[in-house]
Amino acid sequence: MENKKAYIITGPTSGIGYATALELANHGTVILVGRNPEKLDQLQKAIKDMGQDAVSVVCDISDMKSVKSAALQIIALELPIAGLLNNAGIMPAKASKSAQGWDMTFATNHLGAFALTEALSPYLPDGANVVFIASAIEDPERKPAKIMGMKGGRYLSAVASARGEWKTGGSKMPGIDAYATSKQCILAAAMAFARENPKLHYNAVEPGITRGTSLGGESTNAFIRFLFGHLMAIIPPFSTYSSTPKKSARVITKILTDRSGKTGIYFDEKGQPMLGSALVRDPEFQNHVVTETRTLLSTVK
């Protein structure tokens, strides 16, 4: 039977993204957007072996020119897109630079997702769902984050973030301020998009403390990888928020394929509405992030 809908997913070749790509394949054609052609081919084959359809688009989400090229390729497919899942994310311990010379974490987790959404939104049919994978680490009052000495998002400006500069007094754990700030920004943008564009439905998901993921791959500090990937998922009070890639995939897929028209909602790991930080809930901050991000992205020729 021919699939009547298509769903785009970024970062589909590992962890939550991989599990979600397989789950989404049950609902339509999956457009796999990732930077590793070999891994994309393997996943595409796995989906086809299930009797479902998938298409691969090679893209480095941290490179805004690559994002633009990927968006054009997706549009050219002329598939009936019902949803876009901005899943790609990294949490490297060491700072590095993107193709544009911007902080790699901020470029991947916020700027790339933002740019892809902006490029595709005019081509998505009314009622399509756009979902962003967020993180409760952005909230300085979130109990597990406070226990670990995390200080939440440290936003100064989009330009400062692109330079890898964060508000002072942040976490002593390497890479956490960049990650928290990038996730705070994309969550703020999701809420602003929901207000700006009622034709589409924009929501965000906090997938929980998920075992079996490798946010930063080989570049992530081994201790942080163990901490987030295994330890925190089983030790109270962190285990309250624990999940697995398969559980997360089911929750995310349910939200991405939902046809009830929900928009502007931040969902937790169980698919229930939750609150972000006080700052991210402020419409002025949301608008500020969107305006500054658009200005920054406009500098890419």
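Which FRET efficiency value, to the nearest 0.05, do you get for Arg250 and Thr299 by plugging their Cβ-Cβ distance into 1/(1 + (r/R0)^6) with R0 = 41 Å?
Values: r = 40 Å, r/R0 = 0.97.
Once rounded, the FRET efficiency stands at 0.55.
By counting other Cβ atoms within 10 Å of each Cβ, how are Phe114, Phe267 ranked from fewest to most? Let's see the in-between values first.
Values: Phe114 26, Phe267 21.
The fewest-first ordering by Cβ neighbours comes to Phe267, Phe114.
In which sequence would Ser69, Ser161, Ser56 go, from the one with the fewest C-beta neighbours within 10 Å to the one with the most?
Working: Ser69 16, Ser161 30, Ser56 19.
Lowest count first: Ser69, Ser56, Ser161.
Normalized C-alpha radius of gyration of the range 6-297, against 2.2 N^0.38 Å?
Working: Rg = 17.3 Å, N = 292, 2.2 N^0.38 = 19.0 Å.
Ratio of Rg to 2.2 N^0.38 Å for the range 6-297: 0.91.
Report, in listed order, any pair from Lys68/Lys183; Lys45/Lys270; Lys68/Lys254; Lys199/Lys247; Lys5/Lys39; Lys151/Lys199 with a Cα-Cα distance greater than 26 Å.
Details: Lys68/Lys183 21 Å; Lys45/Lys270 30 Å; Lys68/Lys254 28 Å; Lys199/Lys247 29 Å; Lys5/Lys39 23 Å; Lys151/Lys199 35 Å.
Over 26 Å Cα-Cα: Lys45/Lys270; Lys68/Lys254; Lys199/Lys247; Lys151/Lys199.
Under a Cβ-Cβ cut-off of 15 Å, what is the net charge of the residues other than Gln73 that fall near it, where Lys and Arg count +1 and Asp and Glu count -1?
On the way: positive: Arg35, Lys65, Lys68; negative: Asp60, Asp63, Glu78.
Net charge around Gln73: 0.
Would you please give the residues with an amide H less than 5 Å from that of Lys5, counting only those at least 5 places away or on a separate chain, with H modeled from the backbone geometry?
Amide H neighbours of Lys5, under 5 Å, 5+ apart: Thr29.
Using mean Cβ contacts within 10 Å as the protection proxy, how do 289-298, 11-20 order, highest first?
Highest to lowest by the protection proxy: 11-20, 289-298.
Quick one: which of 38-51, 78-91 comes out on top by average Cβ neighbours within 10 Å, and what's the full order, highest first? Walk me through the intermediate numbers first.
Numbers: 38-51: 14.6, 78-91: 23.1.
Answer by packing, highest mean first, reads 78-91, 38-51.
In the neighborhood of Gly101, defined by Cβ-to-Cβ distances under 13 Å, what is the net charge if each Lys or Arg adds +1 and each Asp or Glu adds -1? Walk me through the numbers before you get to the answer.
Details: positive: Lys65, Lys97, Arg163; negative: Asp63, Asp103.
Surrounding charge for Gly101 is +1.
Ratio of the range 1-135's C-alpha Rg to 2.2 N^0.38 Å, to two decimals?
On the way: Rg = 14.2 Å, N = 135, 2.2 N^0.38 = 14.2 Å.
It is 1.00.
None of the figures in this text is laboratory data; all of them are computed from the coordinates on show. Just so we're clear, the structure is a prediction, and the values are computed from it rather than from any experiment. When we count neighbours, we look across all protein chains shown, and the Cβ atoms used for this are built from the backbone with ideal geometry, even at glycine.
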